[in-house]
Amino acid sequence: MKNKILVALVAASCCLSANAADTYEIDPNHTAAVFAFQHFGFSTFRGKIPTQSGTVTLDPAAKTGSAEVVFDINAIATGVPKFDAHLKSKDFFEADKYPTAIFKATKFTFDGDAPSTIAGDLTIKNVTKPVTLKVTSFKCADHPMMKVPACGANATAKIKRTDFDVGLYAPNVSDEIELEIEIEATKQK
């Protein structure tokens, strides 16, 4: 009898954890990868790669999460149209052949109820490398305009362009890229 009670309690706790996970759909209007690099040591140049789609699943009670965010390389924006076109060319991202970059988060580390790091795989030009993002801000609350549960976060990492076959002009144009992923997402029903 005691074994049956123990099995029932374990099964119930597993179901409670599974039910506590919420899935959020990325808002492409408020989600992007922002990048910065040193241009010949003279200045820091910045650009933005908007998202195409994505989802985030969070379970703060179980301290778990996962995510997949798809970035639209053809929408890259630096504020300099000629440079945008060059970045999309075969010299860098080859957007006609590789129109998206994807980050798949596989492990969330929590500090209390908030994620502190997110580990996963970043794929650019069909090259996949592990990347760990450090969460710099995180908030979940009812969205004041849409009146639905929403979460948002900013997370940063440093990556090397040469690791993803976009290393033209390195090291004169910095190989190291400062990457910040900014996310807003609303809870799926």
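Read-outs: derived from the displayed coordinates by stated rules, not from any lab. Fair warning: this is a prediction, and the values are worked out from it, not measured in the lab. Positions of Cβ are backbone-derived with ideal geometry, glycine not excepted, and every protein chain shown enters the neighbour counts.
Structure summary
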| quantity | calculated |
| --- | --- |
| Principal axes of segment 22-75: Cα extent on each, largest first, Å | 47, 24, 14 |
| Simple spin-label estimate for residue 20 and residue 113 in nanometres, 7 Å along Cα-Cβ | 1.1 |
| Length-normalised contact order for the chain - Cα pairs under 8 Å, 6+ apart - percent | 22 |
| Sequence-distant residues sharing a close amide H with residue 131 (under 5 Å, placed H) | 120, 121, 122 |
| Lys, Arg +1 and Asp, Glu -1 on Cβ, resulting dipole of the chain about Cα centre, debye, nearest 20 | 400 |
| Mean Cβ neighbour count within 10 Å, used as a protection proxy, ranking 110-116, 153-159 highest first | 153-159, 110-116 |
| Listed pairs 107/189; 63/97; 63/189; 97/158 exceeding 31 Å between Cα atoms | 63/97 |
| Degrees separating the helix 2-20 axis from the principal Cα axis of the chain, which is the longest one | 40 |
| Likely footprinting exposure, 40, 138, 71, fewest C-beta neighbours within 10 Å first | 40, 138, 71 |
| Structure-derived Rg and Dmax of the Cα atoms in Å - corresponding label in (1) 19.5, 74; (2) 16.8, 52; (3) 29.1, 105 | (1) |
| Extended-chain gain in nm, criterion 0.36 nm per residue less alpha-carbon gap, residue 141 and residue 168 | 5.5 nm |
| Around residue 65: net Lys/Arg minus Asp/Glu count, Cβ-Cβ under 9 Å | +1 |
| Options 177, 105, 41, ranked by Cα towards positive dipole end of the chain, top entry (Cβ charges) | 105 |
| Charge dipole of the chain about the Cα centre (unit charges at C-beta), most positive-ward option of 136, 50, 73 | 136 |
